[in-house]
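Below: one structure, written as structure tokens.
Each value in this text was obtained by applying a stated rule to the coordinates, not by laboratory testing. Predicted, not measured: the structure shown is a model, and the values here were computed from it. With ideal geometry, Cβ positions are generated from the backbone for all residues, glycine too; neighbour counts draw on all protein chains shown.
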Amino acid sequence: MGLIFATNVVRVMVMLLAQRYWPAAFDPLHGFGLTTIFYVVVFALWVAWVQLSDRAPQQAPQRTAVQPV
């Protein structure tokens, strides 16, 4: 969750700087460039989550009850 937050903060900062110093680039950055980067980060996190969940230990073997003698 922290990586998504950090990516979004950087995205907003870049858009603010673009609006201030390069207004003509604001709309393309907002509409396509930075949004695409944000989606790529979210997709990469999803892929990592799927890969890590595949490696998770399977269900623990069941213990057998001790039979009284």
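General observations
- Environment charge at Gly33 (Cβ cut-off 12 Å; Lys +1, Arg +1, Asp -1, Glu -1): 0
- Acute angle (nearest 10 degrees) that the helix 2-21 long axis makes with the longest principal axis of the chain, alpha-carbon atoms: 0 degrees
- The alpha carbon gyration tensor of the chain gives principal lengths a ≥ b ≥ c with a/c of 1.5 or higher and a/b greater than b/c, which makes the shape prolate.
- Taking the C-alpha atoms only, the angle from helix 34-54 to the longest principal axis of the chain is near 10 degrees.
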